[in-house]
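Let me begin by presenting the structure, written as structure tokens, before commenting on it.
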Amino acid sequence: MAKTHWSGVSYQITKINLYKDGKHGKAWGIVHKEGRPAADSPKKISGVHKRGWKYIPNSKVNEEDIVKSTAEVQTT
């Protein structure tokens, strides 16, 4: 998921907590910059209730690159 005005930044959603009405809630995810994870742990995403979010299919993010970048982070 990403805001429409962001370039090169997106979130991989890891956790969602919805309120009882199902219309509001909170979301956490791992930030990605240029298709690669920029953090090891999920962080709370601000502005989840605002307009302008777009769905980015997994096919646009090469999973092999994610595995490689994760391995690079672990070795450093």
Restricting attention to the stretch 51-74, does a residue exist that is outside any strand (DSSP E or B), touching an Asp or Glu at 6+ places or on another chain (Cβ under 7 Å) and modelled with pLDDT under 90?
yes
Asn17 passes all but one of the listed conditions (1) assigned to a strand (DSSP E or B); (2) surrounded by 12 or more Cβ atoms within 10 Å (Cβ to Cβ); the exception is number (2)
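The values are calculated or read from the model by the stated rules, or taken from the named source; none is laboratory data. Because the structure is predicted, anything quoted here is derived from the model rather than measured. As a convention, Cβ positions derive from the backbone with ideal geometry for all residues, glycine included, and neighbour counts pool all protein chains shown.
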